[in-house]
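The values are calculated or read from the model by the stated rules, or taken from the named source; none is laboratory data. What you see is a predicted model, and the numbers here were worked out from it, not measured in a lab. Here the Cβ positions follow ideal geometry from the backbone for every residue, glycine too, while neighbour counts run over all protein chains shown. The area values use the complete protein model at the heavy-atom level, side chains included, leaving out ligands, DNA and RNA. Shrake-Rupley method; radii C 1.70, N 1.55, O 1.52, S 1.80 Å.
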Amino acid sequence: MVAAMGLSACGDGGDGGAAKTVRVTLANHVWTENIKQALPEFEKQTGLKVEITQLGEDQLSDQYNVKLNAGSSDIDVMMYRPLQEGRLFAKNKYLADLSAQVKSKTWDFSDFQAGPVEATTFEGKPVGVPIITEQEVLYYRKDLLAKAGLSAPPKTLDELKAAAAKVKAAEPGVAGFVARTGKSAAVTQFSSFLYSFGGDFVDSSGKAAVNSGAAKQAYAYYGGLIKDSGPANVSTDMGWPEAMAIFTQGKAAFYTEANSLYKNATDPAKSKISDEVGFAPFPAGPTGSKPYNIPSWALGINSSSENTSNAWKFIEWATSKEQTLTQQKSGVPGARSSVWANPEGTSTFPKDLVEAIAASTKAGVGHDRPLVVKVAEAREIVGQPIVDAITGKDAAAAADTANATFQKFLDDEAK
């Protein structure tokens, strides 16, 4: 890998006559299918030809690894995951600096939510434009709350703990709460608990902080909630498909998860409890409700592209207010505030989910995992105390051990 730090500027220079074909590499996603349908309009407006390469996530990663490392110029626009490979790409100068481009007044960069913008920024410079967002919300069973005499979903983590215990005691065979339990898989959803207790994965100086007082409280709370009110004999390797299955089979009252997965719970073909599902903002901890508000995908420009001005034209169009509204109406949550404020933009979402998302975007944190290059390794480290807490081990001791390992990891990355 190229080890150089910093960013490449993305100006109009070096376009070599500005090729009329823009080569765009995209992931298999509903967003991609929607853009492909709208492409004739863009090509007619601009006189440009868009050549799309569409790949699954693993294939996409493999192609980027080969082509970007080789400095290949045959990718102009790239769809990437800001929180998974964004830091690696930016550090290795694969992503162009978009500082000049985002100043376009008609396009309006200020309309993009703060959390997603934070995730697509490196060393103070924008290197991507968020296209698909996620927030963590509380899924719950309306019927079980009513039976337990609860008039509203819990607004705080203390209330969630009490409500989960009450439902589990009253409903044999039904868990009060379910969530991801796998060491790595749980990290993203645990993050909102961590932030709401006042913690983060690193402190303001960049040092490991998963053994702060707030982090220890968060680990103990999350693990304890699953241990005490979770499914009987709960597995410690559940990702979202397993946790969602427990909820949609009617086996849990509360479930914290990404809002982007909501149709799994509300679609009668997938969910036995589709008519009883409600959504609420992430419950507040000691420092308030601080769920993540992240971009799961973004668009960037390959810094080796020789067609950067036309690459930006594509991004400007694909992330415009008009295209973002069209995408959101088809169920793809976008990063523009104006689209969420537009009744058309929320017309296809459940009303209580829209309200939960609105609350999330106000105080949302722009990352749901450590902001590092080797993300998978970091998740394994900071996720271990979650598993230890679920299995009844000392969460504080596990956090101390994880913090020492994580600090060594950070020191090694900084070399």
Positive-end residue of Val382, Val174, Trp340, charge dipole of the chain with Cβ unit charges = Val174
Tell me which residues come under 5 Å, amide H to amide H, from Leu138 once H is placed; ignore anything under 5 positions away on its chain.
-> Ala280, Phe282
Report, to the nearest whole %, how much of the accessible area of the chain belongs to carbon and sulfur atoms, 1.4 Å probe, protein only.
-> 51
What ratio of Cα Rg to 2.2 N^0.38 Å holds for the range 53-137?
-> 1.14
Summing -39500 (n - 2.57) over every DSSP H run of at least 4 residues in the chain and dividing by its residue count gives a helix-only mean residue ellipticity at 222 nm, to the nearest 500 deg cm²/dmol, of -13000 deg cm²/dmol
Whole-number accessible area per residue in Å² for the range 55-151, which is evaluated in the context of all protein chains at 1.4 Å | 39
May I have the pair-distance distribution P(r) for the range 67-199, computed from all Cα-Cα distances with 10 Å bins from 0 and rounded to whole percent?
-> 9, 28, 24, 18, 14, 7, 0
Rank-order 37-44, 72-79 by packing density, defined as the average count of other C-beta atoms within 10 Å over each peptide's residues, highest first.
-> 72-79, 37-44
For peptides 387-394, 235-242, sequence by mean Cβ density within 10 Å, most packed first | 387-394, 235-242
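When ligands, DNA and RNA are left out and all protein chains stay put, how many square angstrom of accessible area per residue does the range 168-290 have with a 1.4 Å probe?
On a per-residue basis, 36 Å².
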Applied in sequence order to the range 281-286, the curve 6.51 cos²θ - 1.76 cosθ + 1.60 (Karplus, θ = phi - 60°) yields integer Hz couplings, x standing for Gly and Pro, of x, 4, x, 6, x, x
Counting sequence-distant residues (5 or more places) and residues on other chains, those with an amide H built under 5 Å from that of Asn293 are Val365, Gly366, His367
Looks like the range 185-328, by Cα gyration tensor root eigenvalues a ≥ b ≥ c and the a/c under 1.5 rounded cutoff (else prolate when a/b is bigger than b/c, oblate otherwise), is oblate
Would you list the membrane-span-like helices of the chain, meaning whole DSSP H runs whose alpha-carbon atoms span at least 30 Å along their axis and whose mean Kyte-Doolittle value is at least 1.0?
-> none
Restricting attention to the alpha-carbon atoms of the chain, what are Rg (one decimal) and Dmax (integer), both in Å?
-> 21.9, 71
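Using mean Cβ contacts within 10 Å as the protection proxy, how do 313-320, 125-132, 324-331 order, highest first? Display every interim value, and only then the final one.
On the way: 313-320: 20.8, 125-132: 25.0, 324-331: 18.8.
Top of the packing list down: 125-132, 313-320, 324-331.
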In debye to the nearest 20, how big a dipole does the chain give about its Cα centre with +1 on each Lys and Arg Cβ and -1 on each Asp and Glu Cβ?
-> 500
